[in-house]
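Following: one structure in structure tokens, then a few remarks.
The values are calculated or read from the model by the stated rules, or taken from the named source; none is laboratory data. None of the values given here were measured: they were computed from a predicted structure. Backbone-built Cβ (ideal geometry, glycine too); neighbour counts: all protein chains shown. The accessibility values were calculated without ligands, DNA or RNA, using every heavy atom of the protein model including side chains. Shrake-Rupley method; radii C 1.70, N 1.55, O 1.52, S 1.80 Å.
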Number of protein chains: 2
Amino acid sequence: MTISLAIVGVGKIVRDQHLPAVAGNADYRLVAAASRNGRVEGIENFGAIGEMLAAVPSIDAVSLCMPPQYRYAAAVAALDAGKHVLLEKPPGATLSEVEDLAARAAEKGVSLFASWHSRHAPAVEAARGFLAGTRLRAMRVSWKEDVRQWHPGQAWIWQPGGLGVFDPGINALSIVTRILPQPVFATGATLEFPENRDAPIAATIRFTDADGLDLLAEFDWRQTGPQSWDIEAETDAGVMRLSEGGAKLSVDGRLLHAEPEQEYPSLYRRFAALIRDGRSDVDLAPLRHVADAFMLGRRTLVDAFHD
Amino acid sequence: MTISLAIVGVGKIVRDQHLPAVAGNADYRLVAAASRNGRVEGIENFGAIGEMLAAVPSIDAVSLCMPPQYRYAAAVAALDAGKHVLLEKPPGATLSEVEDLAARAAEKGVSLFASWHSRHAPAVEAARGFLAGTRLRAMRVSWKEDVRQWHPGQAWIWQPGGLGVFDPGINALSIVTRILPQPVFATGATLEFPENRDAPIAATIRFTDADGLDLLAEFDWRQTGPQSWDIEAETDAGVMRLSEGGAKLSVDGRLLHAEPEQEYPSLYRRFAALIRDGRSDVDLAPLRHVADAFMLGRRTLVDAFHD
């Protein structure tokens, strides 16, 4: 059965990723969009989700892609109307609101998918499999990129709740929490706030687990030149390196896995499978680690940031 | 059957509250204590929990009362040894570590109690009953006390992870989340950090729920003179006031409920009941709201604080 899909919050990520992924998947038919500013050509467009849900009753599912601060109300409207809901990452501005959404989806018997696109990077499952078969000694996460290149003029990411450097950093955490064999938790963090901004531009988090794992994650938005989205693990079976945001896997320098990036097509296949099986997938671990880091972290002020 | 109890982390709260509550409850026999600095007279004392668990195998349950930053490792040691565990509030320095403890307790088949002593204040259940029978329009939480009086020289509460004014504020949140008829979530917060400290001395959090509730919580540690631990609710049945930290309940100025404070005796009765019934009680909502406020909140710097 084809899923009649609507997209809410039409911005850069929708144009770059969601629309091509949906267009390439025969399980979906895109029937409507709602957005304050953006439009999708060739389908019905609305200014707000309530208006859209009332006008297009054939909608089965909605993808919510607006900034996280505005996602809860839209999700409640969709769930209350009996629609399946996909949440872009991060799934909300608070953990508490997403817990509430999960309870509402269960009550309504519809699927809620708190998606983490980086978990669908090509080599993530291979990395998980590798770590399951050996002993992990230490892990280093290095997620360093140039915010001016990747988030030009996006004011909301600097506002309270916009998460700052954790917006890309949470992608790393979504991979780490998928590939590690057991749960970790933060023991300390440093968050660097530009003196003119309400969100961090850089952060370092130390994690451990019940067996004393040494895990260090470094996120930085001030990286010019080569960008890094790398996870390196020292194990009894060699040094595992998951690089390019989860696209490539090597052990002791030998490339084991490198396929073309297909994150959003894979993500939409998973959403269709959840709907078909009548299940939800709401893993809040990545957002919980970010909230923990904010709660536990030491704040320092650094130079002002100007776009 | 009598529960052989051990207490870990012997400080002010243990002497003021835990020891009298345990002494007054025939379900318990206090058999040992472990603490870096404190001692309990008349029982065996140890410097660390591992040593204690090895030396006194008859222990059935432990109360963990050290600062939250040190609680996880002790809880894992106790759970792995098959002991029931009571966690003082807050249950840990991160949400993630307590999620892991809950999973471990379930695996071991022992009881884990993430306790919130303020939920045992005398009028809390009456307030919950009152709110369940009417329509709530707005709520104001005012938790304002003098940190010099209540936390003299306690350095750990000012360290990262020590939570600052949320240490008392989380008591208010533990009551609010118990008495409200449906979940709330933060939409904005302001956190005031003394320029020489790593934890907030004051905070304001705005919450709402799916029906647009107007809930404002104000926490302040700079209150001299009269102290306030009050929750006021405008409802269709009048203005409900839960005051003195949950001890007194009035509606439209008429006192409905006022009994002597018995928080810790009630808390230990609940722990004994959980052990007897083979159940756990790990409600992380209060700590989740604190983490959400740190993640979502705007930070401001205020005057340095000196003890």
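Starting from the Cα-Cα distance between A:LEU255 and A:GLU51, subtract it from 0.36 nm times their residue separation and give me the gain in nm to one decimal.
Additional length available on full extension: 68.4 nm.
Given points 7 Å out from each Cα along the Cα-Cβ axis, report the A:SER58 to B:ALA155 separation in nanometres with one decimal.
6.9
Under a Cβ-Cβ cut-off of 10 Å, what is the net charge of the residues other than B:THR208 that fall near it, where Lys and Arg count +1 and Asp and Glu count -1?
That works out to -3.
Assign one of three labels to the range A:90-182, namely rounded, prolate or oblate, based on the Cα gyration tensor with a ≥ b ≥ c the square roots of its eigenvalues; rounded applies when a/c is under 1.5, prolate when it is not and a/b is larger than b/c, and oblate otherwise.
oblate
Using Cα centres only, tell me the gap between the range A:71-97 and the range A:146-162 in whole Å.
Comparing the Cα centres of the range A:71-97 and the range A:146-162, I get a distance of 22 Å.
Give the average over all directions of the projected area of the C-alpha convex hull of chain B, one decimal, in nm².
Its average projected convex-hull area is 15.9 nm².
With r defined as the distance between the Cβ atoms of B:ARG140 and A:ASN37 and R0 fixed at 30 Å, what FRET efficiency is calculated, to the nearest 0.05?
Step by step, r from the Cβ atoms, then E = 0.25.
Which whole-number value in Å² is the accessible area per residue of chain A, probe 1.4 Å?
Value returned for chain A: 40 Å² of accessible area per residue.
What does a probe at B:ARG15 reach in the range B:135-170, counting residues whose amide N is under 19 Å from the point 7 Å along Cα→Cβ?
Only B:148-157 fall inside the zone, counting backbone N under 19 Å.
Around B:ALA21, with a cut-off of 13 angstrom between Cβ atoms, what is the net charge of the other residues, counting Lys and Arg +1 and Asp and Glu -1?
Local charge sum for B:ALA21: -2.
Please list A:TYR28, A:TYR70 from largest to smallest accessible area, probe radius 1.4 Å, with all protein chains kept in place.
A:TYR70, A:TYR28
Could you work out the mean count of beta carbons from other protein chains within 10 Å of each residue's beta carbon in B:101-110?
1
Largest first, what is the accessible-area ranking of B:GLU97, A:GLU259, A:GLU99, A:GLU192 with a 1.4 Å probe?
My answer, sorted largest first, is A:GLU259, A:GLU99, A:GLU192, B:GLU97.
Mind computing the radius of gyration and Dmax over the alpha-carbon atoms of the range A:166-293? Å is fine for both.
Cα-based Rg and Dmax for the range A:166-293 come out at 16.4, 48 Å.
Chains A and B: what accessible area do they bury, summed, in square angstrom to the nearest 100, with a 1.4 Å probe?
Roughly 2900 Å² of accessible surface disappears when A and B pair.
Give me the net charge for the shell around B:ASP230: Cβ to Cβ below 11 angstrom, other residues only, Lys and Arg +1, Asp and Glu -1.
Here the count lands on +1.
Report the label-to-label distance for A:ASP283 and B:ARG148 in nanometres (one decimal), using points 7 Å from each Cα along the Cα→Cβ vector.
5.1
For the protein assembly as shown, report the convex hull volume of the alpha-carbon atoms normalised per residue, in Å³, without decimals.
164
Could you tell me, in Å, what Rg and Dmax come out for the Cα atoms of the range A:31-147?
In order Rg, Dmax, the Cα atoms of the range A:31-147 give 17.9, 56 Å.
Anything over 23 Å Cα to Cα? Flag those among A:LYS89/B:LYS89; A:LYS12/A:LYS89; A:LYS89/A:LYS144; B:LYS12/B:LYS108; A:LYS108/B:LYS108, in the order listed.
Among A:LYS89/B:LYS89; A:LYS12/A:LYS89; A:LYS89/A:LYS144; B:LYS12/B:LYS108; A:LYS108/B:LYS108, the Cα-Cα distance tops 23 Å for A:LYS89/B:LYS89; B:LYS12/B:LYS108; A:LYS108/B:LYS108.
When ranked by the protection proxy of mean other Cβ atoms within 10 Å per residue, highest first, what sequence do the peptides B:75-82, A:32-39, B:163-170 form?
B:163-170, B:75-82, A:32-39
Expressed as a rounded percentage, what relative contact order does chain B have, with Cα pairs under 8 Å and six or more residues apart?
20
For chain A, what does the helix formula give at 222 nm: sum of -39500 (n - 2.57) over DSSP H segments with n ≥ 4, over the residue count, nearest 500 deg cm²/dmol?
Helix contribution divided over all residues of chain A: -8500 deg cm²/dmol.
Estimate the FRET efficiency between A:ARG270 and A:GLU195 by the formula 1/(1 + (r/R0)^6), using the beta-carbon distance for r and 30 Å for R0, to the nearest 0.05.
It comes to 0.15.
Give the long-range amide H neighbours of B:SER63: residues separated by 5 or more places, or on another chain, with amide H under 5 Å away, using H modelled in the peptide plane at 1.01 Å from N.
For B:SER63, whose amide H was placed from the backbone, the distant partners under 5 Å are B:ALA6, B:ILE7, B:VAL8, B:LEU86.
What base-10 log of the normalised intensity I(q)/I(0) is obtained for the range B:1-49 from the Debye formula, alpha carbons as equal point scatterers, at q = 0.20, 0.29 Å⁻¹?
-0.61, -1.16
Need the C-alpha centroid separation for the range A:173-233 versus the range B:2-47, integer Å.
The distance from the Cα centre of the range A:173-233 to that of the range B:2-47 comes to 39 Å.
Shortest first and in nm with one decimal, please list how far the A:LEU256 label point sits from its counterparts in the other copies (point 7 Å along Cα→Cβ).
6.2
Using the alpha-carbon centroid of each, what span in Å lies between the range B:287-307 and the range A:241-307?
For the range B:287-307 versus the range A:241-307, the Cα centre distance is 27 Å.
Given a 1.4 angstrom probe, I'd like the percentage of the accessible area of the range A:85-214 that is carbon and sulfur, rounded to a whole number.
44
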